[in-house]
1. Using a 1.4 Å probe, what is the accessible area per residue for the chain, in Å²?
2. Can you give me the solvent accessible area of residue 136 with a 1.4 Å probe, rounded to the nearest 10 Å²?
3. Keeping the other protein chains in place, figure out the carbon and sulfur percent of the accessible area of the chain, with a 1.4 Å probe.
4. Given an 8 Å cut-off on Cα distances and at least 6 residues of separation, report the relative contact order of the chain as a percent.
5. To the nearest 10 degrees, how steep is helix 48-58 against the longest Cα principal axis of the chain, on a 0 to 90 scale?
6. For the stretch 53-125, which GluC sites (Glu not before Pro) pass both filters: DSSP loop (anything but H, G, I, E, B) and at most 15 other C-beta atoms within 10 Å?
7. Mean separation of Cα pairs under 8 Å and 6+ residues apart, divided by the residue count of the stretch 27-105: what relative contact order is that in percent?
8. Using 0.36 nm per residue, how much length does the chain from residue 58 to residue 161 gain when fully extended, once their Cα-Cα distance is taken away?
Amino acid sequence: QGLARAAELLAGRYTLVITNVPYLGRGNQCEDLKKHLADHYAAGKFDLATAFALRGLSFCEEGTALAQVTQRSWLFQTTYRKLRERLLATSRWHFLAELGPGAFETISGEKVSVALLIQSAGAPDAEQTIVGVDVSTQRGEKAIPLVEKAARLAGGSGGSLNRVMQAALLDNTGAPITFRPLATLPLLGSVATAQ
């Protein structure tokens, strides 16, 4: 009965999907899982978490929402460029909170750096705006306590909201998800050379 019920749930379509995705890098995946992800979720195959970024949206009816706690690295690392481009082009991004390390009470240290992303199924229009807040810490900065992260997310001190046009993110080289207008800055190659 458990497998039958699981299959029924996985075949369904939903109004709201909320998940903390599982994490498993490609190097730790068995061969069957690697093949399945490459065949069905190629843009997200490098980690089970990023494959879930695609799978989660497939559960959603047009215009309905996916809220996920996911790894932060795919928002900017080169490996995930195709995933970002695909998701920016085919889904509407509403809210992004960069939580960084220390976002969970039960997981200590700097090991897990996460973000909360809320999207909806369906292609974005030209005016789609993403609202975001960054409560993560940069390297070398003192960690933000969990209680303070929560207060900042609720609009407290240091939790100012930023906005960016979703289409503008696709104009940035590599499509990193950032609230800083990278497209207005010169590329490093135009101002520097390497020896």
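1. Counting only protein heavy atoms, the per-residue value for the chain is 59 Å².
2. Using a 1.4 Å probe on the heavy atoms, I get roughly 10 Å².
3. After summing per-atom areas, the C and S share lands at 56 percent.
4. Contact order relative to length: 18 percent.
5. 70
6. Taking the stretch 53-125 and a limit of 15 other Cβ atoms within 10 Å, the loop GluC sites (Glu not before Pro) found are 105, 110.
7. It comes to 23 percent, rounded to a whole number.
8. Extra length available between residue 58 and residue 161 comes to 34.2 nm.
The values are calculated or read from the model by the stated rules, or taken from the named source; none is laboratory data. Computed from a predicted structure; not experimentally measured. Because the Cβ atoms are built from the backbone with ideal geometry, glycine has one as well, and the counts that use them run over all protein chains shown. Keep in mind that these areas ignore ligands, DNA and RNA; they rest on the heavy atoms of the full protein, side chains included. Shrake-Rupley method; radii C 1.70, N 1.55, O 1.52, S 1.80 Å.
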